[in-house]
Amino acid sequence: MPEAVSDGPNTDQPVTDQPVTDQQLIEAAYADLDRLDGAAAAVSRTIDALDRGVVRVAEKVDGQWVVNEWVQRAILLYFRIAGLETIDIGPFQYHDKIPTKRNLAEAGIRVVPPGTVRYGAFCEPGVVVMPGYVNIGARVGSGTMVDTWATVGSCAQIGRNVHLSGGVGIGGVLEPPGARPVIVEDGAFIGSRSIVVEGVVVETGAVLGANTTISASIPLIDVTGDEPVEIRGRVPANAVVVPGTRPKEFPAGTYQVQCPLIVGWRNESTDRKTTLNEALRVFGVQA
């Protein structure tokens, strides 16, 4: 957490030895925007801490993902205190409230033009961003590839050694504060043009074939057993998922609606393949 700060004793309340923290200032300003001026420095420190990876929007605690709601609130307040500026970067010009991330070489991050990592996002050393996009509040783990035209939305948490293939859309979330962002855990593979939204958790080692859409409102069906099993809001660890459909009755008739299917599970034999693409062929999955 950023350093605690104090704006002096409150003469209307008993004086204590406890300093006022940035979190407390941010939460008070979010509840009462008239207090935003007094919290502006705390907001700026928190965004800087996000950019450096000192704080994060969501983290795993005792095996469960926990959202740091006050950090999401800080991002929303930052949009209020930041002014629009013209930003010139080489041949590119932008007009925005939030600059692009700086000091990429020192951070050990490779960003290929015109890929963009926004200030307030954190990438661990070894991240590669092709001409894709990583938004404020997001966190990307080491060894991860954000491929061409892939987008990592606000506050999304991407683990280590993940491949976000070309055109992947990882949804973002800022409101309401406390809403879980999309989380992609270590070693997952997200196939081309796939979409993951609504706070879904893609667990460790899972594979999504090309053009798969996963949301909290769309059932994911495990068809690997004798009976179908519906799952919502998460993709189980090591699951291999492909696009699918199932019939649904409407007043106008019966139509097919999308319904991703779990068709297999990664294991040691598939992971020992020379490349993940070869492992995917075992299940007939397009990358």
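The values are calculated or read from the model by the stated rules, or taken from the named source; none is laboratory data. This structure is a prediction, so every number in the text was calculated from the model and none was measured. Every residue, glycine among them, receives a Cβ derived from its backbone with ideal geometry; neighbour counts consider all protein chains shown.
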Just to be sure before I move on: is CYS123 free of Cβ contacts under 8 Å to residues at least 40 places away in the same chain, in the same structural domain as ASN238 (by TED's automatic domain parsing) and within 21 Å of VAL55 (Cα to Cα) in the structure I sent?
yes
Options GLY153, GLY178: the member that is at pLDDT 95 or above and assigned by TED's automatic domain parsing to the domain that holds GLY233
GLY153
GLY143 - would you say it is over 14 Å from the mean Cα position of the chain (by Cα) and touching a residue at least 24 places away in the same chain (Cβ under 8 Å)?
no
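Going by the conditions given, is LYS248 modelled with pLDDT under 80 and in the same structural domain as SER215 (by TED's automatic domain parsing)?
no
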Among the residues of segment 122-136, is any crowded, with 18+ Cβ neighbours inside 10 Å, part of a loop (DSSP other than H, G, I, E, B) and touching a helix residue (DSSP H, G or I) at 6+ places or on another chain (Cβ under 8 Å)?
yes
Within segment 188-198, identify whether any single residue is closer than 27 Å to ILE75 by Cα, part of a loop (DSSP other than H, G, I, E, B) and at pLDDT below 95, and answer yes or no.
no
Looking at (1) within 19 Å of the chain's Cα centre (by Cα); (2) part of a helix (DSSP H, G or I); (3) under 17 Å from VAL173 (Cα atoms), find the lone condition where ASP48 falls short.
(3)
The lone exception for ALA105 - which of (1) under 19 Å from VAL43 (Cα atoms); (2) free of Cβ contacts under 8 Å to residues at least 12 places away in the same chain; (3) of a type in the set (A, V, I, L, M, F, W, C) it fails:
(1)
Tell me whether segment 187-205 contains one or more residues that are surrounded by fewer than 16 Cβ atoms within 10 Å (Cβ to Cβ), in the same structural domain as GLY169 (by TED's automatic domain parsing) and of a type in the set (Lys, Arg).
no
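Being more than 22 Å from ASN238 (Cα to Cα) and buried (at least 19 other Cβ atoms within 10 Å of the Cβ), is that true of even one residue in segment 141-149?
No, segment 141-149 contains no residue that is more than 22 Å from ASN238 (Cα to Cα) and buried (at least 19 other Cβ atoms within 10 Å of the Cβ).
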Residue check for ALA29: surrounded by 17 or more Cβ atoms within 10 Å (Cβ to Cβ) and farther than 26 Å from GLY141 by Cα:
yes
